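Reviewing the structure listed below.
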Amino acid sequence: MASSWLTWQCQMVSGVIRGAVYSPQQIKHGGSLALWPSAGRAEAQLVAAANQALKKNRVIQFSKITYGTKKQRLCDVIACPIVKDGQVSAIVSIAFSVRSEPQQQAVLQLVLWGGQWLDTLFEKHQQNTEQLHEYAITLSEFVAKQPSAQTAAIEAVNRLAKGAACDRVSLGVRSGLTTRLKAISNTPDFDRASPLVRRIETAMEESCDQKAVIAYPPEPQSILIDHAHAELAKRDGHRFLLSIPLYSAGVPIAALTFERSGEIPFDHATVQFLKSITTLLSSTFTHKIQLEKPLLAQFSSKCSAVISSLLGKKYFALKMLCVAALAFVVLSKIVTASYTIGAPSRIEGSVRQLIAAPVDGYIKTANVRAGDKVVSGQTLAVLDSSKLQLQRQKHEAEKRQVAQEFHDALALQDRTKIAKLDAKIAQINSEIELVDILLKRSTLSAPFDGVVVSGDLSQALGAPVEVGKVLFEVAPLESYRVILEVPERNISFLEKGQTGKLVVTALPDTVFKLTVDNISPMANSNASGNFFKVEAILNEHSNLLLPGMRGITKIDSIEKDLWWIWTHRLLDKISLFFWSLGL
């Protein structure tokens, strides 16, 4: 409908380059109700104008907009929203050759006038759709109120014959592989052995067997078998036939056959409408047919359905999947394995020596950084000792002055002054000795052979440091320990002496064996939850490992069946949840 209207509208305006009709829902995804011509340029300009018109809810005009592959052409674009009951039902967008302002207004008036006609078409289409829906629901409710399946079938075919403008409508019920005619429109009684009834039943079986809607005469591209429909049309004089199966759980349980002898075929819209009606009627007839069966037959039918669903070919893949799942569960309860506990781990030195600043001062040189290997006595860094040198010189000067006074007192035999000056000289010597110790300590040295775990002063030369500030940490090379962070849910499965394997991130292809040495009784917490620190020792020393490396450790614990290993964590959570509820 939109395409036909747009073709007419664009042909009414001279110089139209491209036209389009959009719905408010489709335009958000770049789709259109209609385009004229179907292939061409300036579509992006039409979409942009239509979006603006929808957003501002008013007419949008653009003059001299570039379009084309190289943007060398110009056009004018207008976009008009079609408003119904305060809501935008469509947007018309047209691109045409450049023209003056009065000419643009003339084109706009023509489009607005045509838009009113389009709005009328939309309204009429909506009314027809609503009437069809109301008819289908009313028919379904009326049939559902009938006391028996036979009465419901008769009322359905009579009303459908009138509503679908058919000469005859028939309904047959499927029984096994055959179909038995149950009702014919405007025919209260019929001979079930007559050739006409047999031909109608055969046509219905043809539709049910193929699980398809069969229309006769068929469309040229149709691949459906319609010999029974051709025979029925030939023998009974009805030119147009239509058979539609009624389904229950995907299985045809009945069929409706419509016959017309005039010049009006079953078009696509009619077929779709009749299919929607049969969908509504399917559940009604299924329910009524089941209710009219004897109790024993109903029970037998349900048992057969269950058995056939279990043993039949339907859902074969699902059944095989269920059998495989059952076998998998049984095997997992039989086969046992070692329950492995995994935990993030890090390597630490068994001893860590802290190298701190002995005095307040400044960093003069830095010879190592974190990760460097050092030997005992190797200089790590040197602090600026200028201040200490000045202090020593000051104390030396004071010592010389006091020594001179001491000699003068000796000459005068002033015993009191000699005692005081002797004590002062001893004090100055102590201060000089202290300065010498600090001067010696201003050169920071490695206490033993090892590796620098932390500390990098190469980027802080000249920076001030305070006394006691830790500048380096040194760990021995020959003695490491592994610290495991074991989640609290697994700590009960660990014991001292259990063995495991460690893989560090830096060496993913190398496995290191270890043994649990100590389990901390105190819990810690992090973002992942509570955990316990567990210490383990490496069974063999390796030069590849360095303090600070991280990895994953797996400890072999108790023997359990595979089902318990895979599900115990979930089952424990469920048990704890129900216990918290008091169950």
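Every number in this text was worked out from the coordinates using simple rules, so none of it is lab data. Note that this is a predicted model, so its numbers are computed, not measured. Positions of Cβ are backbone-derived with ideal geometry, glycine not excepted, and every protein chain shown enters the neighbour counts.
Taking the 0 to 90 degree range and rounding to the nearest ten, how far is the long axis of helix 101-144 tilted relative to the main principal axis of the chain, both from C-alpha atoms?
70
Quick one: net charge around residue 174, please, counting Lys, Arg +1 and Asp, Glu -1 for every other residue with C-beta under 9 Å from its C-beta.
Result for the neighbourhood of residue 174: 0.
Using +1 on the beta carbon of Lys and Arg, -1 on that of Asp and Glu, and nothing else charged, what's the dipole of the range 353-473 about the Cα centre, debye to 20?
Value, rounded to 20: 140 debye.
Compute the length gained on full extension between residue 542 and residue 515: take 0.36 nm times their separation in residues and subtract their Cα-Cα distance, giving the result in nm to one decimal.
So the chain would gain 8.2 nm between residue 542 and residue 515.
Using only DSSP helix segments of four residues or longer, with each worth -39500 (n - 2.57), what per-residue ellipticity at 222 nm results for the chain after dividing by its residue count and rounding to 500?
On the way: 12 runs with 244 residues, N = 583.
Rounded to the nearest 500, the figure is -14500 deg cm²/dmol.
Can you figure out the FRET efficiency of residue 533 with residue 436, using R₀ = 41 Å and their beta-carbon distance, to the nearest 0.05?
Efficiency, rounded to the nearest 0.05: 0.40.
Obtain the nm distance between the two label points defined at residue 323 and residue 221 by a simple spin-label model: each point lies 7 Å from its Cα along the Cα-to-C-beta direction.
Distance between the two pseudo-spin positions: 4.1 nm.
Using Cα centres only, tell me the gap between the range 332-384 and the range 188-232 in whole Å.
Spelled out, the Cα-based centre of one part sits 88 Å from the other.
Greater than 29 Å separation of Cα atoms is the criterion. Which listed pairs, 64/84; 145/319; 440/533; 513/533, meet it? If you can, show how the numbers build up before the last one.
Numbers: 64/84 31 Å; 145/319 39 Å; 440/533 40 Å; 513/533 18 Å.
Those over the limit are 64/84; 145/319; 440/533.
Given 0.36 nm per residue, what is the gain on full extension from residue 396 to residue 445 after removing their alpha carbon distance, in nm?
Details: separation 49, 0.36 × 49 = 17.64 nm, distance 2.76 nm.
Full extension of this stretch gives 14.9 nm more.
Express the C-alpha Rg of the range 479-580 as a ratio against the empirical globular expectation 2.2 N^0.38 Å, rounded to two decimals.
Ratio of Rg to 2.2 N^0.38 Å for the range 479-580: 1.21.
Helix 268-292 sits at what angle to the longest principal axis of the chain, using alpha carbons and giving 0 to 90 degrees rounded to 10?
90
Using 0.36 nm times the number of residues separating residue 177 and residue 550, minus their current alpha carbon distance, what extension gain do you get?
Length gained, residue 177 through residue 550: 127.2 nm.
Which value in nm describes the separation of the simple spin-label points at residue 97 and residue 196, placed 7 Å from the Cα toward the beta carbon?
Distance between the two pseudo-spin positions: 6.6 nm.
Taking the mean number of other Cβ atoms within 10 Å as a proxy for protection, how do you rank 276-287, 248-259 from highest to lowest?
Numbers: 276-287: 18.3, 248-259: 20.2.
Most protected by this proxy first, the peptides run 248-259, 276-287.
Kindly list the residues of the range 487-503 that lie in the label zone of residue 338, defined by a backbone N under 12 Å from the point 7 Å along the Cα-to-C-beta vector.
498-502
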